[in-house]
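Accompanying notes for the structure given below.
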């Protein structure tokens, strides 16, 4: 599809840290990129950051071409119109203020055709808030990356109820072509998945600090050396599935009451109901039959052994 091929330009609106990071993602994948920022000083700063990060990626074996070749695909332009001209996808990276983003999308609406994806990098604001009243509402969605996206390849694709399915598919195709792993959310929710999961852990971390259970360094150590290292191999559902023989159903039966009490201590009442656990079990068993459980546990341990060896080098 021509509108999503690497030959097609990507527009990045905003040359802050996320804008520069997206410029790296797309240019590294071969896309021409045009970057606009309202600050006249932004191109010099962003250009320096771009070249520095590309150089470091090359030094770590994460860039197949010379940094200068990749950087040459990125142009800093003086106007929004210059940035979006001929673009197949517009990646908005303005400050996290709805009115700023809406004003930018209103302008881009008049400068782009009906096939162009209008994606916001918002960390929490739903697309429906940004698209309200705009003629381009069917083209607006959230493309929320992990930060930095050139090192964390997941990206949340979150449509509003008005977003056209074809636009969702086109956005995911572009992101996939750029080396990202799009996760399409089924409905809008503030903060999406990434920041809701991150926020749940951070809220508890603050509570543990407040209650004198552990200090900042110790809490970070538990996550960095324990949870974070394991989660870099398997996510929370697969962790639960592999931690208890019999799988996630056995884990929920064993640990569910304890987690319910811990939640109640924080004023939350979100028990793992039988119906909810059954849904998790069905999805996990579709991915991993219990007959293959032992093999997957060995796979997890092998990956963790590799991480441990690399950390000792």
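The values are calculated or read from the model by the stated rules, or taken from the named source; none is laboratory data. Just so you know, these numbers come straight off a predicted model, no measurement behind them. Methodologically, a virtual Cβ is constructed for each residue, glycine included, from the backbone with ideal geometry; neighbour enumeration extends over all protein chains shown.
Values for this structure:
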quantity	calculated
The range 176-194, residues that are assigned to a helix (DSSP H, G or I) and under 13 Å from residue 158 (Cα atoms)	194
Among (1) assigned to a helix (DSSP H, G or I); (2) without any contact (Cβ under 8 Å) to a residue 40 or more places away in the chain; (3) more than 23 Å from the chain's Cα centre (by Cα); (4) farther than 30 Å from residue 302 by Cβ - the single one residue 219 does not satisfy	(4)
Residues of the range 119-133 satisfying the condition of being in contact with a strand residue (DSSP E or B) (Cβ under 7 Å, 6 or more places away or on another chain), assigned to a loop (DSSP other than H, G, I, E, B) and either at pLDDT below 95 or over 22 Å from residue 198 (Cβ atoms) (or both)	123
Filter result for residue 218 (assigned by TED's automatic domain parsing to the domain that holds residue 294, modelled with pLDDT of 95 or more and buried (at least 16 other Cβ atoms within 10 Å of the Cβ))	no
Leading residue by the ranking (surrounded by the most Cβ atoms within 10 Å (Cβ to Cβ)) among those in the range 177-194 that are under 23 Å from residue 114 (Cα atoms) and in contact with a helix residue (DSSP H, G or I) (Cβ under 9 Å, 6 or more places away or on another chain)	178
Pairs with Cβ under 6 Å, 6+ apart, first in the range 232-247 and surrounded by 16 or more Cβ atoms within 10 Å (Cβ to Cβ), second modelled with pLDDT of 95 or more and not in a helix (DSSP H, G or I)	241/247
Flag if residue 212 is farther than 28 Å from residue 143 by Cα, outside any helix (DSSP H, G or I) and in the same structural domain as residue 278 (by TED's automatic domain parsing)	yes
Selected residue [in a helix (DSSP H, G or I), at pLDDT 95 or above and closer than 14 Å to residue 14 by Cα] from 50, 54	50
Residue within the range 100-113 that is under 25 Å from residue 193 (Cβ atoms) and not in a helix (DSSP H, G or I) present	no
Test: residue in the range 144-154 that is out of contact with any strand residue (DSSP E or B) (no Cβ under 8 Å at 6 or more places or on another chain), buried (at least 16 other Cβ atoms within 10 Å of the Cβ) and closer than 17 Å to residue 93 by Cβ	yes
Filter result for residue 61 (in a loop (DSSP other than H, G, I, E, B) and touching a residue at least 40 places away in the same chain (Cβ under 8 Å))	no
Enumeration of residues in the range 194-213 that are under 15 Å from the mean Cα position of the chain (by Cα) and farther than 24 Å from residue 24 by Cα	196, 197, 198, 199
Check on residue 280, surrounded by 11 or more Cβ atoms within 10 Å (Cβ to Cβ), in a helix (DSSP H, G or I) and free of Cβ contacts under 8 Å to residues at least 12 places away in the same chain	no
